[in-house]
Structure formats: structure tokens, C-alpha cells
Amino acid sequence: MNDEQFRAEVRGWLAAQLGSAEFGCLVGKGGSGRQHEFMAERMAWEQRLGADGWIGFGWPEENGGRGLPWSMQVIFHEEYARANAPGRVGHIGENLVGPTLLMFGTAEQKARFLPGIAAGTELWCQGYSEPGAGSDLAGLRTRASLRDGEWHIDGQKIWTSMAHVADWCFLLARTEPLDSTGPGADRHRGLSCLLVPVRQPGIKIRPIMQLTGTAEFNEVFFDDARTAAGNVAGKPGDGWRVALGMLGVERGVSNFGQLIGFQREFEAALATARGNGSIADPEIAARIADAWIGLQVMRFTTEDTLGGADPAAGGVAAGGVAANIAKLLWAPWHQRLGELAVDVTGADATLAGPGYDLTDAQRRFLFTRAETIFGGSNEIQRNIVAERGLGLPRG
Ligand SMILES: Cc1cc2nc3c(=O)[nH]c(=O)nc-3n(C[C@H](O)[C@H](O)[C@H](O)COP(=O)(O)OP(=O)(O)OC[C@H]3O[C@@H](n4cnc5c(N)ncnc54)[C@H](O)[C@@H]3O)c2cc1C
């Protein structure tokens, strides 16, 4: 099958599914700042995607994927965005955990965990950040020790996206005490990446309300939580390398889809400015032109990011500074678009509907404040570009 035939197949599948009585309600639903919408239906949607082979389809066939080439993965994400298909509930499993297990997992872990991700039946969250350990991740304090064939975990994570619906947590914990004379004496060693079932008595989850009025991330408390001894990705004590491996995995191909979504949002802001005449304001006109130029720059940069893709990551581009540069471009761009979208609306943009019902533009304006923080703040991205890309001394 060539790329154009594949595009027609994807388009046909999306049209049939999103035109159906079961999933028609999901067009344009979910996504950042709107994760609360249609959760049960979107879970069913994940499972339909999985059943029809659209999750992890770039992974090798022996790991439950279809081994499809880059070009087809890009096409899928483009068509998905073009169809305004719903925000994905399972993106952490598919885009972060799956590729990390492909790189670092044992054969048993791949056999146990990849099928649930690919079927859309097991959801994951990422437990890295803690109060006092975000950018300075190696300062984390959650600890785990191996006793009687199980890891026993105590501590706290914060900002854990989707933990309230997740089945499993990819958890970075300290497995050697910092004050030991062993490997834990170096704070980057003595860490391990544990695969932890979320629904158990030792784990309590408290949602955190965001500016958008919704709660998509959480505080997660571990009080003698347990997981089996074999549920460690990579080797015990090798967690820093595995954790950085996951951080380096970028949503390479799905960035093309993101750009189509950005284009749609840009066009909505442009239409509003044309409709209410605010485009006649030279400052607004200049910002619109600037946003359009930014879109073109991001498109070229995303192509560069894909050029550095690592097939070992199973169809997801691995890091390198191109991915950091791409994030430094898209996150502030999207934030500026959020500001532009409310500015072209005028004073109405300051009013929320009954029950804090927000328009798309208001929700975007508020949610995009987070985009220069999550996945590594702008300052941290710049540090990485400076140190690893340009070879500048550490600040
Ligand atoms: C919407 C959202 C979803 C998230 N989801 C998850 C998730 O699922 N799992 C998870 O583990 N985490 C998640 N996070 C947490 C995110 O990774 C952290 O917020 C981020 O790494 C920053 O850490 P911090 O909040 O502790 O801020 P800090 O690290 O305390 O930073 C505060 C400020 O200081 C600056 N700063 C810190 N160190 C330096 C330095 N060395 N040089 C220059 N400037 C510096 C930062 O750029 C920032 O401006 C999420 C965050 C958000 C907003």
C-alpha cells in the first residue's frame, strides 16, 4: 500500500467512526484543559483505536505494533487532527511508556505491558515530579526498598497527569538512601524506574484544580505501596538513565498532528479578527502575521526533529536538542496564540459562562500557561540546548 492509499484508508476509518452514533459525540472533545469531557466514551474510543490497530502501530510487529514507516505515522496523525478526533486518554502509555519499555524493558515486561497499551485497555501516568523536585529531578525523595519479593514505596508525587484514571504509574524512586556509602551517595545513581499498579490501598490520589476549572493532574501519596520485584524498567539503580530516556522521547510524529490543530486554532482567531473588524488594528494585524510565520517555522523544525528519529524507540523520535528546540518554539507560540485569541475577541473574553463555562479561546488562553512548564520548563530547555547542543559550560 502506498502513502496515498494509506491516507485514504485512515480518512475513511475516521469518517466512519466519527460519523457513527457511538462516537459522533466525540468530535473536537477532550484534549488539554478539557480532559474531563466524555471520559467513558473516550475510553471506549481508545479501545476501538486499539482493536483496529491504531495504537502503537509504529512499534515492531513482535511487540504488538504493525511496524508502519514514519510517513504513514505522520499521515495518521495529520488525518486524526484534520478530522478533529478526540483528545487521547492513553497518550502517556502510547507515546512515553511504550517507547521507553521498547528501549529498556525486559522481554517479560514488553509481553506484559505493551499489549494493554496497544489495546487501549491499560492507562498510564508518569510519576517523576515531587514537591521540591521538578526541574531538579534528581532531588526526589520518594523511596522504595525491596523486601519479601516486593518493592515497598513511600513518598509523594505531584502534578501527575491522568493519575486519577490511570491503571499503572511509571514511577521514579530512590532505591539507595542518599546518605549511604553505596551507589546512592551520588544522587543521580541509586534511582530506579518502577512500574506500579495505581489502584491499591497504599496509594491515595488527590486531584489538583487548574486555571481552567478542571483537574487533570494530581497529588499522589505512597504509603507502603507495593509492586512486584520484577517491575523495574532497566536495572535497579539505573533509573536516571531510563528516566532521561523517557524524557528524551518526543512526540515526533504526532507533532505534525499538533500543527494541524494549531493551524485550525490560528484560523479561528483570524476569522474572529476579520469578523469583528479588530484586524484593522495594526498591532493585531502584526501579531496575526507573526503567528502565521511561527507556524511555518514550526513545520520546518518538526521535519528536522523527525530526521533525528530513533527506530529503537519503536516509531517515536528520540531526543537530541532538535526536540528541545521544537518545544521552545511551539510552547511560547501557542501561549501567544492563546493571548491573541482572547485579544481579538475583545472585552467579551473576560466573561465566563454560567458555572465557569469557558469558550475554546478562554480555555486555550488559560491552559497554555502550563505549556512552558510541563515536559521541562523553557529555562531548562534552554539549558539543555546550551549545554548539550552548543557545548557551553554548565550554568
Ligand atoms: C500541566 C502540567 C502537567 C504535568 N504533568 C506531569 C506528569 O504527568 N508527571 C510529572 O512527573 N510531572 C508533571 N508535571 C510537572 C512538570 O514536569 C514540572 O512542573 C516541571 O518540571 C517544573 O518543575 P517545578 O514545577 O517543580 O518548578 P521548579 O523546578 O521549581 O522551577 C521553578 C522555576 O525556576 C526555573 N528553574 C528551575 N531550575 C532552573 C535552572 N537550573 N536554570 C534556570 N531556571 C531554572 C524553572 O524554569 C521555573 O521557571 C506537569 C506540569 C504541568 C504544569
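Listed values, structure above:
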read-out: Using θ = phi - 60° and Karplus 6.51 cos²θ - 1.76 cosθ + 1.60, couplings along the range 131-145 (whole Hz; Gly, Pro as x); value: x, x, 9, x, 4, 8, 4, 5, x, 5, 10, 4, 10, 9, 9
read-out: Unit charges at the beta carbon, dipole of the chain: most positive-side option, Leu172, Ala81, Ile325; value: Leu172
read-out: Sequence-distant residues sharing a close amide H with Leu191 (under 5 Å, placed H); value: Thr175, Gly237, Gly239, Trp240
read-out: Mean separation of Cα contacts under 8 Å, 6 or more apart, over the residue count of the range 58-213: relative contact order %; value: 16
read-out: Accessible heavy-atom area order of His77, His36, His164, highest first, probe of 1.4 Å; value: His36, His164, His77
read-out: For Gly127, residues with placed amide H under 5 Å, excluding near neighbours; value: Phe170, Leu171, Leu172
read-out: Assigned charges on the beta-carbon of Lys, Arg, Asp, Glu; the range 33-115 dipole about Cα centre (debye); value: 120
read-out: Longest DSSP-loop-exposure-free segment, trypsin sites (Lys or Arg not before Pro), the chain, at most 10 other Cβ within 10 Å; value: 1-198
read-out: Sites Leu390 and Ala21, calculated FRET efficiency, Cβ-Cβ separation with R0 56 Å, nearest 0.05; value: 0.55
read-out: Alpha carbon centroid spacing (whole Å) that separates the range 372-394 from the range 1-66; value: 34
read-out: Average accessible area per residue (Å²) across the chain - probe 1.4 Å, nucleic acids and ligands excluded; value: 45
read-out: Top positive-direction residue, dipole computed over the chain with Cβ charges, set Ala44, Ala163, Thr301; value: Ala163
read-out: Anchor Lys327: aspartates and glutamates whose Cα lies under 16 Å away (excluding residues fewer than 8 positions away in-chain); value: Glu250, Glu303, Asp304, Glu371, Glu379
read-out: Chymotrypsin sites (Phe, Trp or Tyr not before Pro), loop per DSSP, at most 16 other Cβ atoms within 10 Å - longest free stretch of the chain; value: 1-355
read-out: Whole-percent carbon and sulfur share, accessible surface of the chain, 1.4 Å; value: 56
read-out: Förster radius 35 Å - calculated FRET efficiency between Glu41 and Glu9 (Cβ-Cβ, nearest 0.05); value: 0.90
read-out: Structure-based [θ]222 nm, the chain - -39500 (n - 2.57) summed over DSSP H runs of at least 4, per residue, nearest 500; value: -13500 deg cm²/dmol
read-out: Antiparallel bridges, percent of DSSP beta bridges restricted to the chain (to nearest 5); value: 85
read-out: Contour excess over end-to-end distance, with Cα ends at Glu62 and Ala228 and 0.36 nm allotted per residue; value: 57.3 nm
read-out: The chain - charge dipole about Cα centre, Lys and Arg +1 at Cβ, Asp and Glu -1, debye rounded to 20; value: 440
read-out: Radius ratio Rg over Rh of the chain, counting only Cα atoms, Kirkwood formula for Rh; value: 0.97
read-out: Extended-chain gain in nm, criterion 0.36 nm per residue less alpha-carbon gap, Glu339 and Arg112; value: 77.3 nm
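The values are calculated or read from the model by the stated rules, or taken from the named source; none is laboratory data. Note that the coordinates shown come from a computational prediction; the quantities given were computed from them, not determined experimentally. Virtual Cβ from ideal backbone geometry, glycine too; neighbours counted across all protein chains shown. Side chains are part of the model used for accessible areas, which takes the heavy atoms of the whole protein and leaves out ligands, DNA and RNA. Shrake-Rupley method; radii C 1.70, N 1.55, O 1.52, S 1.80 Å.
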